[in-house]
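Novice: After the structure tokens below, expect a handful of questions from me.
What follows is calculated from the coordinates using simple rules that are stated; it is not laboratory data. Just so it is clear, the structure is predicted and the values come from calculations on it, not from any experiment. Heads up, the Cβs are rebuilt from the backbone with ideal geometry, glycines too, and the neighbour counts pull from every protein chain shown.
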Amino acid sequence: MSANLGDTTLEGTPPLAVSVDTARRLTGLGTTTIWGLIKDRKLEVARVGRRTLVLYRSLQRLLSPPSQFEPRRRGRPRKTAAPTPLQAA
């Protein structure tokens with residue numbers, strides 16, 4: 001998967017980290033989206049000097065099927081109806 005994109009791998013093992021540009025090409029997401037995910041801490045990065053590398057495992061986690069993880073709740077929790085005096089008795 002990543003061998004065609006210029007990342008060297010050892011006999012089929014995935015790389016530990018890839019550049020932001022390679023992460024963009026692997027995922028099909030835009031550069032701004034990748035940087036936004038990094039800012040929101042949804043992608044783990046390693047900084048070496050001035051270079052930012054995206055950890056490969058965080059890309060896999062981001063793109064894995066949602067059934068493996070707990071679904072994220074959005075918005076405010078729903079209000080439940082308070083029991084009326086007739087229902088309480």
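Novice: Arranged by the count of other C-beta atoms within 10 angstrom, fewest first, what order do Val18, Val54, Val48 take?
Specialist: Starting with the residue having the fewest Cβ neighbours, the order is Val48, Val18, Val54.
Novice: Something else about it: Would you kindly state how much longer the chain becomes between Lys79 and Ser19 on full extension, computed as 0.36 nm times their sequence separation minus their alpha carbon distance, in nm to one decimal?
Specialist: Here the answer is 17.1 nm.
Novice: How would the range 15-67 be classified by its alpha-carbon gyration tensor: rounded, prolate or oblate, with rounded meaning a/c under 1.5 and the a/b versus b/c comparison settling the rest? Let's see the in-between values first.
Specialist: Details: a/c = 1.57, a/b = 1.41, b/c = 1.11.
Verdict is prolate for the range 15-67.
Novice: Also, quick follow-up: Note down the net charge around Thr32, summing +1 for each Lys or Arg and -1 for each Asp or Glu among other residues with Cβ under 12 Å from its Cβ. Write down the numbers at each step before the final one.
Specialist: On the way: positive: Arg24, Lys39; negative: none.
Within the 12 Å Cβ shell, the charges total +2.
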